[in-house]
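So the structure is just underneath, and the comments pick up after that.
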Amino acid sequence: MMTVVHVDLATKQYDVKIDNTLHLKIGEMIQEVWTSRKVAVLTDENVGPLYLADVVKQLSAAGFDVLPVQVPAGEGSKSLATVGDVVSQLAMYGFTRGDGLVALGGGVIGDLGGFIASTYMRGIAFIQIATSLTAQVDSSVGGKTAVNLEMTKNIIGTFYQPDLVLVDSTYLKTLTDRDLVEGYGEVVKTSALDSEAFFQLTGSITSIEDLRQHAPELSEKAIAYKAKVVMADEKESGQRQFLNFGHTLGHAIELLAHGQLRHGEAVAIGMIAITSRFERDGVSPKGMTDQIKQRLDAVGLPTSSEIIGTSAFFDQLKHDKKNHNGMLNLVGLTSIGQPKIIKKSLSEMPDFI
């Protein structure tokens, strides 16, 4: 049975549809929200060979004029150079402001596609088909788009909401265990932010097979929480900052790992690092670090890194987009379901870490 999470914002409303048959209904689903037009389907070299031809076929059958666009897989494609290449293809194909872009892929493709859609001719229609667990539970919902600049992650971006998000757990079957599991870092994060009930659910996941089996339920709960937060704070001026739990340290770790760590892996490490420090300082209750670590260990996510505490690590924190005049808004948990912003100056961070 299809689950629909409705996102209702001041200037935009859209649905996140969750069902394991959506991959068979892409043309039908998109036809419900878009009239006939030119549609670019943006994907990468990992997802493209698996699903691009079928998506193009379905959209063409539904009356759309389809331009397939494939970019290299990985974080390196979140660059201004890639944006320029894709925009050139759209312009050469004659795309106008009445056309649209579909992001078919994981978090990188969603971020890149959303940024291109938001900036091409000052904005064209945008839809996400999330094929990774990271995208399904987190990055496809909320309207954040971004590309990186050199060693600074997500520093160039926009808030741009899609017209539709499709989440189908069938796509997860072709992910390697590592590619699947990295998305679980975001699930554990969300469960800790949300409630005891969701945190208990992640506590029941004891293997990668468990994760695969419960992926639709986990996606539904994570999306519902994120949608609630985004509807209350679309532009991250208040409680949406809670979603950065583990990310300030995690982004620094991810960038300094130079591709050796996936986003969700770095976030997992970041959550343990920040929670252990706040537990030490009495912000978080005793035992919370171990509770989170047990959930990450169950599926093989990393929980430590030698990068933390290096001079390069502290230098990277200066470039974090959440650095406000030398102050970082760190997210800690006073209990499960009760996140709190704790401000730390950059000069305090070496002693804190």
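Each value in this text was obtained by applying a stated rule to the coordinates, not by laboratory testing. What you are looking at is a predicted structure, and each value in this text was computed from that prediction instead of being measured. For neighbour counting, all protein chains shown are included, and Cβ atoms are generated from backbone atoms with ideal geometry for every residue, glycine included.
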Original post:
Near Glu234, within a Cβ-to-Cβ distance under 15 Å, what is the net charge of the other residues, with Lys and Arg +1 and Asp and Glu -1?
Top reply: +3
**OP:** Among Val4, Pro49, Ala232, flag the residue with its Cα farthest along the positive direction of the charge dipole of the chain, charges on Cβ as +1 for Lys/Arg and -1 for Asp/Glu.
**Re:** Ala232
Subject >> Structure-derived percent of Cα pairs over 33 Å apart - corresponding label in (i) 28; (ii) 24; (iii) 60 >> reply: (ii)
Subject >> Convex hull of Cα atoms in the stretch 3-174, direction-averaged projection (nm²) >> reply: 8.9 nm²
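Normalising by the residue count of the stretch 3-174, find the relative contact order in percent from Cα pairs under 8 Å and 6+ residues apart.
Details: 337 pairs, mean separation 42.9, N = 172.
The normalised contact order for the stretch 3-174 reaches 25 percent.
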**OP:** Compute log10 of I(q)/I(0) for the stretch 113-250 with the Debye formula, placing one identical point scatterer on every Cα and leaving out solvent, at q = 0.09, 0.16, 0.17 Å⁻¹, to two decimals.
**Re:** -0.28, -0.88, -0.99
**OP:** Might you report the magnitude of the Cβ-based charge dipole of the stretch 177-352 about its Cα centre, with Lys and Arg at +1 and Asp and Glu at -1, to the nearest 20 debye?
**Re:** 500 debye
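Placing unit charges on C-beta atoms (Lys and Arg positive, Asp and Glu negative, everything else neutral), compute the dipole magnitude of the stretch 263-311 about its Cα centre in debye, rounded to 20.
140 debye
Go ahead and estimate [θ] at 222 nm for the chain from helices alone: -39,500 (n - 2.57) per DSSP H run with n ≥ 4, summed, over the residue count, rounded to 500. Mind dumping the intermediate values first?
On the way: 12 runs with 141 residues, N = 353.
The helix contribution divided over the chain gives -12500 deg cm²/dmol.
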**OP:** Considering only Asn325, Asn148, Asn244, give the residue with the highest GNM mean-square fluctuation for the chain, with springs between Cα atoms whenever their separation is below 10 Å.
**Re:** Asn325
Subject >> Translational diffusion of the stretch 40-109, µm² s⁻¹ [Kirkwood Rh, Cα pairs; Stokes-Einstein; 10 °C; 1.306 mPa s] >> reply: 127 µm²/s
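Using Cα pairs closer than 8 Å and at least 6 residues apart in sequence, work out the relative contact order for the chain, in percent. Kindly include the intermediate steps, with their values, before the conclusion.
Numbers: 658 pairs, mean separation 51.6, N = 353.
Relative CO of the chain lands at 15 percent.
Could you work out the local net charge near Met327, counting Lys and Arg as +1, Asp and Glu as -1, over the other residues with Cβ closer than 14 Å to its Cβ? Before the final figure, lay out the partial values.
Working: positive: Lys318, Lys321, Lys322, Lys343, Lys344; negative: Asp320, Glu348.
Net charge in that neighbourhood comes out at +3.
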**OP:** Quote the charge dipole size of the chain about the Cα centre in Debye, to the nearest 20; the model charges only the Cβ of Lys and Arg (+1) and of Asp and Glu (-1).
**Re:** 720 debye
**OP:** Place the peptides 190-199, 334-343 in order of packing, highest mean first, counting for every residue the other Cβ atoms within 10 Å and averaging per peptide.
**Re:** 190-199, 334-343
Original post:
What residue among Thr206, Thr310, Thr131 shows peak mean-square fluctuation when the chain is described by a Gaussian network model with Cα springs under 10 Å?
Top reply: Thr310
**OP:** Please give every one of the lysines within straight-line cross-link reach of Lys153, meaning a C-alpha to C-alpha distance under 16 Å, and leave out same-chain neighbours fewer than 8 residues apart.
**Re:** Lys78, Lys144, Lys318, Lys321, Lys322
Original post:
With the chain treated as a Gaussian network of Cα nodes joined by springs under 10 Å, which of Asp290, Asp44, Asp281 yields the largest mean-square fluctuation?
Top reply: Asp281
